[in-house]
Each structure stands twice: as structure tokens, then as C-alpha cells.
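Report on the following structure.
The values are calculated or read from the model by the stated rules, or taken from the named source; none is laboratory data. Keep in mind the model is a prediction, meaning the values are calculated, not measured. Neighbour counts are summed over all protein chains in view; Cβ atoms, including those assigned to glycine, are modelled from backbone coordinates with ideal geometry.
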Amino acid sequence: MSALATKHLLGLRGVSQSDIMTILDTARQFRDILDRPVKKVPSLRGLTVVNLFFENSTRTRTSFELAEKRLSADTINFATSGSSVQKGESLLDTLRNIEAMKIDVVVVRHKGTGVPKFLADNSNAIILNAGDGANEHPTQALLDMFTIEQKLGSLAGKRITIVGDIRHSRVARSNIWGMTTLGAHVTLCGPSTLLPRNREYFPNVTWESDVRRAVHDADAVIALRLQKERMEDSLLPSLREYRNFFGITHDVLEKAKKSVLIMHPGPINRGVELDSEIADGANSVILEQVTNGVAIRMSALYLLSGGRASE
Ligand code: CP
């Protein structure tokens with residue numbers, strides 16, 4: 001039984017302010033544990049989690065696995081290469097077979113929008129979305145929110161600018177829903193071909209076509225990974241042109257707040273969406289985002305499984 005109002009974590013759209021704040025507050029306690037010499041607690045002993053990754057991942061998959069191990073859960077990693085998916089097994093059959101092995105929690109990443117919801121509708125397991133198509137990546141947004149609050153205090157009233165391929169970004173979507181729920185002002189900036197067609201779907205955000213104007217009063221700037229395949233879709237003329245107009249460079253940040261946080265979900269295309277001197281500079285919190293991701297995933301796993309303790 002979940003300790004949150006939601007049974008699964010499929011996205012942040014529609015998730016209450018109270019649930020988001022509970023996840024962030026609980027993550028703060030787990031973040032402290034990560035700084036201890038012994039980083040393991042018995043909170044999820046006896047719980048079995050499968051990490052079902054149908055798409056590549058470095059940060060999310062490793063971080064979920066580490067979070068599960070830190071909480072003493074039993075962890076199984078599933079990747080499509082080497083599995084019977086390669087022989088044509090359907091998603092539903094894969095799920096049913098995994099479930100037959102008495103799995104409690106499924107963490108899933110898939111290129112198909114709605115796959116986590118499909119699994120939630122067809123399974124008794126607790127489902128956590130680790131990224132579905134261009135839809136949502138809720139734990140990424142939660143770790144972004146956690147990092148901003150850790151550095152700047154409450155998100156309420158903060159100005160957050162997201163730059164890049166908004167149309168295809170699940171990170172942008174989850175951040176829009178989560179941050180506006182907590183009262184932040186979100187500005188979206190990118191090439192017109194990479195902005196969503198249905199802007200009315202995002203009623204509480206500001207749209208800005210000029211990157212300098214977009215960042216000038218921002219408390220945090222999140223640069224999104226440019227998906228290079230968008231050039232093949234004829235949505236971008238060249239990487240050089242993208243960098244010239246939307247890359248976060250020293251020049252672009254000249255008029256930004258001196259304290260602005262520079263963030264990126266990774267993996268970074270250095271010299272495209274973010275120059276190396278900015279990615280590795282004093283304002284960058286990119287690696288802290290990665291560390292905080294473990295605490296956020298511990299928190300989400302713990303709360304969704306009812307804060308179930310081993311005793
Ligand atoms: N941020 C993120 O989702 O990175 P990975 O693709 O490496 O998991």
C-alpha cells in the first residue's frame with residue numbers, strides 16, 4: 001500500500017503538491033544516508049524490484065539499481081538484448097512472465113509513450129516510469145527539483161528556464177508539471193521546429209524565442225540534450241546553427257544572474273547545447289543532480305511500497 005496518494009509513479013502531471021513534497025522531503029533524509037560511511041538501510045528488505053530497460057540508459061538505470069541496493073531490496077536487471085523480446089515476445093507476455101516470478105516493483109523505460117500506464121493497467125506490481133517516449137521522466141524532474149531546492153530553497157516563485165528540444169523532451173514535460181505545481185515560473189525556449197504544436201496544453205508557462213532573454217532573470221537554466229536524429233527529421237539545419245542560436249555559452253550567460261544554476265539531465269553533447277566551460281564551470285550542478293538522483297529514487301521506491309520496513 002503506497003504511502004502516497006498515487007499507487008504508481010507514471011508521471012508528474014496530476015500528481016498533488018503534497019505527494020511531490022513528501023517525495024522531496026523523504027529524499028532529503030535518504031540524501032544524508034548517502035554521505036555516511038555505511039550507505040545501506042534495511043527499509044525494503046524482502047522486496048523484489050525488476051529494472052525493465054527497453055532503451056539505453058546510464059544514469060537512470062544505474063541510479064535505480066543503486067537506490068534499490070541501498071534500501072536492501074532484491075534487484076533484477078532486464079535489458080532487451082539477450083532477452084526473449086529479441087525473439088518477438090510481446091510486452092504483455094514479458095510482463096506476465098516476470099510477474100509470475102513474484103516481482104513487487106517494476107521500473108520501466110521504453111520508447112513507447114504510455115507503456116508504464118499499460119503495465120500499471122495490466123499488472124499488480126507497483127510501476128515506476130523511468131522514461132517513456134516523449135511523454136514523461138518523473139524521477140529526472142524530481143531530482144532536478146530536489147537539486148534546485150537544495151541550492152536555492154523552496155521552488156515557489158523561482159524562475160526556471162528550459163532550453164532546447166521541448167517538443168520531444170520527456171524531461172521538459174515532467175519538469176513543467178512538477179515545477180508549476182510547486183509554484184515555480186517556467187520559461188521554455190527553443191527553435192520553433194522543436195517547440196510543441198499544442199502550446200495550449202501547457203497553460204502556466206512562458207514561451208521565449210531568444211535564449212538571452214530566456215536566461216536573463218533565471219534562477220536555474222536546464223539545457224536539454226539535443227537529439228541528433230532531429231536533423232534527419234529536417235527539424236534542424238545543423239548542430240552549428242543550433243549552438244549559435246540556442247547553445248548555453250559564456251556569452252549567453254553574460255547578462256544572467258551570477259548565481260544561476262546550470263543543469264542538464266545528461267548525456268551532454270558538449271559544444272552543442274552546452275559549452276564545456278559552462279558544463280564544468282562554477283555554476284554547474286550537473287553531477288550533483290546525478291548524486292541526488294539516487295536519493296530521489298530511494299524516496300520514490302520507499303514511499304510507493306508503503307514505506308514498508310523490514311521489521
Ligand atoms: N537523464 C537520463 O535519463 O539519462 P540516462 O538516459 O543516462 O538514463
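How many residues does region 58-89 hold that are at pLDDT 90 or above and within 16 Å of the ligand (Cβ to nearest atom)?
Residues in region 58-89 being at pLDDT 90 or above and within 16 Å of the ligand (Cβ to nearest atom): 12 in total.
Quick one: in region 132-179, which of the residues that are outside any helix (DSSP H, G or I) and of a type in the set (A, V, I, L, M, F, W, C) is nearest to the chain's Cα centre (by Cα)?
If we take residues in region 132-179 being outside any helix (DSSP H, G or I) and of a type in the set (A, V, I, L, M, F, W, C), then ALA134 is nearest to the chain's Cα centre (by Cα).
Could you tell me which residue of region 278-301 is surrounded by the fewest Cβ atoms within 10 Å (Cβ to Cβ), considering only residues that are in a helix (DSSP H, G or I) and β-branched (Val, Ile, Thr)?
Looking at residues that are in a helix (DSSP H, G or I) and β-branched (Val, Ile, Thr), I get THR291.
For the structure I just gave you, tell me whether ARG45 is within 19 Å of the chain's Cα centre (by Cα) and in the same structural domain as VAL107 (by TED's automatic domain parsing).
Against the criterion (within 19 Å of the chain's Cα centre (by Cα) and in the same structural domain as VAL107 (by TED's automatic domain parsing)), ARG45 does not qualify.
Filter region 10-33 down to residues that are in contact with a Leu (Cβ under 9 Å, 6 or more places away or on another chain) and among the aliphatic types (A, V, I, L, M) and give me whichever is nearest to ILE126 (Cα to Cα).
In this case the residue turns out to be LEU10.
Quick one: GLY133 ticks every box in (1) closer than 20 Å to PHE64 by Cα; (2) crowded, with 22+ Cβ neighbours inside 10 Å bar one, so which box is it?
(2)
Kindly establish whether LEU143 is of a type in the set (A, V, I, L, M) and within 16 Å of the ligand (Cβ to nearest atom).
So LEU143 passes the test.
Within region 41-57, take every residue that is polar (S, T, N, Q) and under 15 Å from GLY82 (Cβ atoms) and give me the one that is nearest to the ligand (Cβ to nearest atom).
Restricting to residues being polar (S, T, N, Q) and under 15 Å from GLY82 (Cβ atoms), the top hit is ASN56.
Residues of region 111-131 being within 22 Å of MET21 (Cα to Cα), within 16 Å of the ligand (Cβ to nearest atom) and more than 11 Å from the chain's Cα centre (by Cα), which ones?
Listed by number, the list holds a single entry, LEU128.
Can you tell me which condition THR193 does not meet? The list is (1) crowded, with 20+ Cβ neighbours inside 10 Å; (2) touching a residue at least 40 places away in the same chain (Cβ under 8 Å); (3) within 24 Å of ARG243 (Cβ to Cβ), and all the others hold.
(1)
Among (1) surrounded by 14 or more Cβ atoms within 10 Å (Cβ to Cβ); (2) part of a loop (DSSP other than H, G, I, E, B), there is one condition ARG243 misses while meeting the rest; what is its number?
So the condition that ARG243 fails would be (2).
Considering every residue within region 52-65, establish whether at least one is crowded, with 17+ Cβ neighbours inside 10 Å and assigned to a strand (DSSP E or B).
Taking every residue of region 52-65 in turn, at least one turns out to be crowded, with 17+ Cβ neighbours inside 10 Å and assigned to a strand (DSSP E or B).
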